[in-house]
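These notes concern the structure reproduced below.
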Amino acid sequence: MTQQQIDQQTGDEGTDRTGAAAVPQTAPETSRKSGQETGQPLLKVTDLQRYFPFREVQGLKMVRATVKAVDGISFTVRQGQTLGLVGESGCGKSTTSRLITRLDTPTAGTIEFQGRDITHLKESELREIRRDVQMIFQDPYSSLNPRHTVGTILSTPLKVHGLHQGKEKARVQELLELVGLNPEHINRYPSEFSGGQRQRIGIARALAVEPKLIIADEPVSALDVSIQAQVMNLLAKLRDELDLAFIFVAHDLGVVRHFCDQVAVMYLGKIVEYGDKKKIYEAPEHPYTQALLSAAPDINVARGIAPKERIRLVGDVPSPIDPPSGCRFRTRCWKAQDICAQQEPPLLSAQADESLRGKREGGLHLQACHFPEVKTDLVAEVESA
Ligand SMILES: Nc1ncnc2c1ncn2[C@@H]1O[C@H](COP(=O)(O)OP(=O)(O)OP(=O)(O)O)[C@@H](O)[C@H]1O
Ligand code: SF4
Ligand SMILES: [Mg+2]
């Protein structure tokens, strides 16, 4: 499959944000080697699969069925790099996040963190991974314990990992300051903060243990639009200052546009297009990516051209219990032909296609389509009505 291609194409070109951290942070222990030190990608996911078996009643019979939530996806994240994981509801983004953080275990495939295979580590062996890989959750209301003060919420991970012993309070106050909250509010409860402030507490909690990779699962989608930009700016600032790697999960491409170095577009448990941000936004090759982009309101402005066509996706996403044969997008694709129902298109570079070779620049860009478009006149519909 494509992991080799991904390795070849990503090479050591990961975004370099090695500027000195402007934010006070305890120096990592020497045993916690970074991806740059080891030459390894920080995270390498290969053919990851998560099937959920279940039973359902059909007529008078109980039958077994399987939800194919994640079905063979591969990608790589390097230190300081940000990958956007984008797709419609139910395509497997959160399941992927839970697998990487090992809150769940894959059905098949491998997850390597700093060169170490963590796919089947037991709970007792996951201590270091729990520190290195942190999550920021979608809902800032339910992800914080309402009975604990902010001080308790932020000092608990420090105690669990034996960090800043005897100086936990100072570290908690430092964390509050880091995320733009008043350090004097250490004894307040989550209910005494707004949604945006609560999400800042969630971010502080993720940062408390000095992680290397943060998985942010739709961290701003539950917030008011006016607050979303503030939280996004905070995340970008922290990412750059602390040289963090990010996986940023989002429903639409607009949200991750300014935040990510690379983007993986998911559809029904598969990655259908994966590449450098510039490739995905300026020359999308997969019809699904084109449709998602055409719904992004700012694309016309960004490309400086007048709108020509809006692609409207018809119908719902099919069930992951019984996905379409061949290409899973074919039931909604305006370009589908017979082969699309018969053969599943592999995730490949269009450069591999002789007819397309030389028509675009290098860099990571893979898509899974029998009829990729190297150049498209796609533009978004301007919200003029
Ligand atoms: N524990 C589970 N048991 C059975 N099915 C599950 C389970 N967890 C997730 N699924 C199914 O797997 C599919 C992918 O779910 P997932 O939550 O990963 O999607 P998502 O892309 O995060 O969606 P959203 O954007 O709505 O958060 C869905 O069809 C979901 O119903
Ligand atoms: S493989 Fe066929 S159905 Fe799938 S996206 Fe490409 S053209 Fe459409
Ligand atoms: Mg989700």
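The values are calculated or read from the model by the stated rules, or taken from the named source; none is laboratory data. Since the model is a prediction, treat every value here as computed from it, not as a measurement. Please note: Cβ atoms are built from the backbone with ideal geometry, for glycine as well, and neighbour counts cover all protein chains shown.
Taken over the stretch 210-242, the residue count meeting the criterion of being in a loop (DSSP other than H, G, I, E, B) and crowded, with 18+ Cβ neighbours inside 10 Å is 8. Examine the stretch 258-265 for a residue that is outside any loop (DSSP other than H, G, I, E, B) and modelled with pLDDT under 90, and state whether such a residue exists. No - not one qualifying residue is present in the stretch 258-265. Take the conditions (1) out of contact with any Pro (no Cβ under 9 Å at 6 or more places or on another chain); (2) part of a loop (DSSP other than H, G, I, E, B); VAL63 misses just one of them, which is (2).
Residue by residue, here is whether (1) among the charged types (D, E, K, R); (2) away from ligand 1 (no atom under 16 Å from the Cβ) holds:
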| position | (1), (2) |
| --- | --- |
| VAL77 | no, yes |
| GLN81 | no, yes |
| GLY84 | no, no |
| GLU88 | yes, no |
| THR105 | no, no |
| GLN114 | no, yes |
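Selection over the stretch 90-103 of residues that are within 13 Å of the chain's Cα centre (by Cα) and either of a type in the set (Ser, Thr, Tyr) or more than 8 Å from ligand 1 (Cβ to nearest atom) (or both) gives a count of 7. Whether a residue is within 16 Å of the chain's Cα centre (by Cα), closer than 20 Å to GLU210 by Cβ and surrounded by 18 or more Cβ atoms within 10 Å (Cβ to Cβ) was assessed, and PHE137 passes this test. Being at pLDDT 95 or above and within 16 Å of ligand 1 (Cβ to nearest atom) is not true of ARG55.
Just to be sure, is VAL255 within 18 Å of GLY180 (Cβ to Cβ), within 18 Å of the chain's Cα centre (by Cα) and among the aliphatic types (A, V, I, L, M)? Taking the combined requirement at face value, the residue does not satisfy it. Of all the listed residues (GLU381, GLU373), the sole one being crowded, with 17+ Cβ neighbours inside 10 Å, modelled with pLDDT of 55 or more and not assigned by the TED database to the domain that holds ARG312 is GLU373. For the stretch 290-307, indicate whether the set of residues that are outside any helix (DSSP H, G or I), surrounded by fewer than 23 Cβ atoms within 10 Å (Cβ to Cβ), of a type outside the set (Lys, Arg) and modelled with pLDDT of 90 or more is non-empty. No, there is no match, as no residue in the stretch 290-307 is outside any helix (DSSP H, G or I), surrounded by fewer than 23 Cβ atoms within 10 Å (Cβ to Cβ), of a type outside the set (Lys, Arg) and modelled with pLDDT of 90 or more.
Evaluating SER74 against the criteria (1) surrounded by fewer than 24 Cβ atoms within 10 Å (Cβ to Cβ); (2) over 23 Å from GLU218 (Cα atoms) leaves one unmet condition, (2).
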